[in-house]
Amino acid sequence: MAERWMPASDHDMVVMRTLHAIRALSDAMDRMHGGMKGDMGMNITDLATLRMLIIREQREQAVSPHDIAEHLRISSASTTKLLDRLVASGYVTRQPHPSDRRSRVVELTDRSRQEFFAHFGEYLRLMRQVATPYSQEELQVISQFMGELSEAIDPA
């Protein structure tokens, strides 16, 4: 029988509560994304691509098919199929790169922005509502912790 870890201190108890809260958040995010992908008729990779494109668009960063492949950790062939599917369904377009005409960039369509935010907008409002009462210093600590945790789980 496997030995069960028991917290040895109050700090260990808080660490465990934090890890349980992270697991609950992960489960809630999975359910949210599951509902969105069903509503939008997408698979999880399609939705992850749209999320990436929205974030990069907000940062005013161009996105190439290669960037998508790296982000999703999929092959060029899989990326081509993914983009073909998203173009055919009207969610993205392929455009000439602004400075390198041999390359292409992937851009969201107005339809994808509208549908994504129609599904995600209420969740975003609720998440902001939860974050608003925290001080700037507390949010910086939370942000740092979440970033470090993400890096530990999935080093880029």
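The values are calculated or read from the model by the stated rules, or taken from the named source; none is laboratory data. Note that the structure is predicted; figures quoted are calculated from it, not measured. Counting neighbours? That spans all protein chains shown, and the Cβs are built from the backbone with ideal geometry, glycine included.
Points worth noting:
- Look at segment 114-143: where a residue is surrounded by 12 or more Cβ atoms within 10 Å (Cβ to Cβ) and a partner is of a type outside the set (A, V, I, L, M), sitting 6+ places away or on another chain with Cβ atoms under 6 Å, you get His119/Asp39.
- Test result for Met32, modelled with pLDDT of 75 or more, closer than 23 Å to Gln114 by Cβ and in a helix (DSSP H, G or I): yes
- Looking only at segment 64-101, and only at residues there that are among the small types (Gly, Ala, Ser) and more than 20 Å from Glu115 (Cβ to Cβ), the one that is surrounded by the most Cβ atoms within 10 Å (Cβ to Cβ): Ala69
- Once segment 35-71 is narrowed to residues that are under 25 Å from Leu124 (Cβ atoms) and of a type in the set (S, T, N, Q), the residue that is modelled with the lowest pLDDT is Asn43.
- When Ile74 is tested against (1) modelled with pLDDT of 90 or more; (2) over 17 Å from the mean Cα position of the chain (by Cα), exactly one condition is not met: (2).
- Members of segment 128-151 that are assigned to a helix (DSSP H, G or I) and small (Gly, Ala, Ser): Ala131, Ser143, Gly147, Ser150
- One residue stands out in segment 102-113 among those that are under 18 Å from the mean Cα position of the chain (by Cα) and farther than 20 Å from Gly34 by Cα: the one that is surrounded by the fewest Cβ atoms within 10 Å (Cβ to Cβ), namely Glu107.
- Residue pairs meeting the criteria (Cβ under 9 Å; at least 6 apart or on separate chains; first within 20 Å of Glu115 (Cα to Cα) and in a helix (DSSP H, G or I), in segment 50-62; second at pLDDT below 90 and aliphatic (A, V, I, L, M)): Leu50/Met40; Leu50/Met42
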